[in-house]
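**Student:** My questions will all concern the structure given below.
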Amino acid sequence: MTAEHPFAQYVRILGKGPNLSRPLTREETRAAVGMVLRGEVEPVQLGAFLCLLRVKTETPEEVAGFVEAIRDFMGAAPAASVDLDWPSYAGKARRLPWYVLSALLLAENGLRVFMHGAEGHTANRVYTSQAFAALGLPVATSLDEAARHIGAHSLGYMRLEHLCPRLHEVMGLRALLGLRSPIHTVARMINPFRAPAEVVSVAHPNYRNVHQEAALLLGQPNLAVFKGEGGEAERRPEKPCLVQSLHGDSMRHEDWPPLVTEAPRYEEELDLARLAAVWRGDADDPYAAATVAGTAAIALRLTGRAASIEEADGMARAMWEGRRRDRLAGAA
């Protein structure tokens, strides 16, 4: 008789049917994902595991276990002073990635920001590294290099393929499975430098609670999660925005008001050169300006720079009006 593979127990827990299956515990998830990252599972097991998790939707305990396993696998990051962790795992298809200018604005005003994300997983989207290139900003290929960029510019970005190649490889199975895997959810929570604040976007509203509760389990000091434009952490200024946050062990729900009355039509072509043009003031785009400042305001509120929504929005607008317009003078 063939001995059962050690990983089979985790597939069985998830896949025994509507009456006998159950979610994994945090500890079970940590053990199972550790095996995945170390290459100790068969491809058929990994496919089944990812699909079963995806079908039922991950619990906060599973997300926490996932994150802990990834952190175990990655090991400690180099020492770096980071205020805000900003995951970017969706890419933009219908509007430019204005959130990059939000991060740049915050960096210019004293917040040290680390961005990380996956790219190329969905066709016809633009990703954060492309926006960085258009703005003349460097992209790191190691955490040491990212730490240097943050030290020099208060802003750094790193793609998942360099941050954790094995995790990037597992995420790439989407093309074979035809499903978005849990990696798209859990990678947002890695926070390699253990920044005291994280700003996270979701594409589906029900994931707000999952991230908020997982952050509490992980001991994350501060987190803000909201449904952003195109799945990125970017506020849609024409709509109300529900921001769910965590501060210590206190959970908060805040309704942020619209900033403009209407949105322009979606863009058929995303011209990344417009990012620098809007920053410099060469192009007048009130919607983009509201997006940039409105998104930055959420981070100002999250990090305690502002005591209220109104103060955060006002502070972010003042930052945008006072930005160093010549900072991107050499950008295309």
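The values are calculated or read from the model by the stated rules, or taken from the named source; none is laboratory data. None of these values were measured; they are calculated from a predicted model. No Cβ is skipped: glycine too gets one built from the backbone with ideal geometry, and neighbour counts run over all protein chains shown.
Yes/no per residue for (1) more than 29 Å from ASP326 (Cα to Cα); (2) in a loop (DSSP other than H, G, I, E, B); (3) of a type in the set (Ser, Thr, Tyr):
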| site | (1), (2), (3) |
| --- | --- |
| GLN130 | no, no, no |
| ALA133 | no, no, no |
| ALA152 | no, no, no |
| MET158 | no, no, no |
| LEU176 | yes, no, no |
| THR185 | yes, no, yes |
| HIS211 | yes, no, no |
| ALA215 | yes, no, no |
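**Student:** Here is a follow-up. With the condition kept exactly as written, say whether any residue in region 104-117 is within 24 Å of LEU179 (Cβ to Cβ) and over 16 Å from the mean Cα position of the chain (by Cα).
**Tutor:** Within region 104-117 (the criterion being within 24 Å of LEU179 (Cβ to Cβ) and over 16 Å from the mean Cα position of the chain (by Cα)), the answer is no, since none of the residues qualifies.
**Student:** In addition: Which residue out of GLY172, GLY178, GLY136 is in contact (Cβ under 8 Å) with a residue 12 or more places away in the chain, at positive phi and surrounded by fewer than 20 Cβ atoms within 10 Å (Cβ to Cβ)?
**Tutor:** It is GLY136.
**Student:** Here is a further query. Name the residue, out of LEU167, LEU163, that is buried (at least 23 other Cβ atoms within 10 Å of the Cβ), in contact (Cβ under 8 Å) with a residue 24 or more places away in the chain and within 22 Å of PHE49 (Cα to Cα).
**Tutor:** The unique qualifying residue is LEU167.
**Student:** Only residues that are touching a strand residue (DSSP E or B) at 6+ places or on another chain (Cβ under 9 Å) and either assigned to a loop (DSSP other than H, G, I, E, B) or within 18 Å of LEU270 (Cα to Cα) (or both): list them for region 78-98, please.
**Tutor:** Matches in region 78-98: ALA80, VAL82, ASP83, SER88, TYR89, ALA90, GLY91, LYS92, ALA93, LEU96, PRO97, TRP98.
**Student:** Collect the residues in region 109-127 that are modelled with pLDDT of 95 or more, assigned to a loop (DSSP other than H, G, I, E, B) and either of a type outside the set (D, E, K, R) or over 23 Å from ARG305 (Cα atoms) (or both), keeping them in residue-number order.
**Tutor:** Matches in region 109-127: ASN109, GLY110, LEU111, TYR127.
**Student:** Report whether or not ASP285 is farther than 23 Å from SER88 by Cα, free of Cβ contacts under 8 Å to residues at least 40 places away in the same chain, surrounded by 15 or more Cβ atoms within 10 Å (Cβ to Cβ) and not basic (Lys, Arg).
**Tutor:** Yes.
**Student:** Here's another thing I want to ask about it. With respect to VAL200, is the statement that it is in contact with a His (Cβ under 7 Å, 6 or more places away or on another chain), touching a residue at least 40 places away in the same chain (Cβ under 8 Å), crowded, with 23+ Cβ neighbours inside 10 Å and among the aliphatic types (A, V, I, L, M) true?
**Tutor:** It is true that VAL200 is in contact with a His (Cβ under 7 Å, 6 or more places away or on another chain), touching a residue at least 40 places away in the same chain (Cβ under 8 Å), crowded, with 23+ Cβ neighbours inside 10 Å and among the aliphatic types (A, V, I, L, M).
**Student:** I've got another one for you. From the residues in region 1-57 that are of a type in the set (Asp, Glu) and not in a loop (DSSP other than H, G, I, E, B), which one is surrounded by the fewest Cβ atoms within 10 Å (Cβ to Cβ)?
**Tutor:** GLU27
**Student:** Moving to a separate point now. Inside region 249-332, counting only helices (runs of 4 or more DSSP H) that do not spill past its ends, which hold 1 or more residues that are under 30 Å from ALA214 (Cβ atoms)?
**Tutor:** The helices (runs of 4 or more DSSP H) meeting that bar are 286-302, 309-321.
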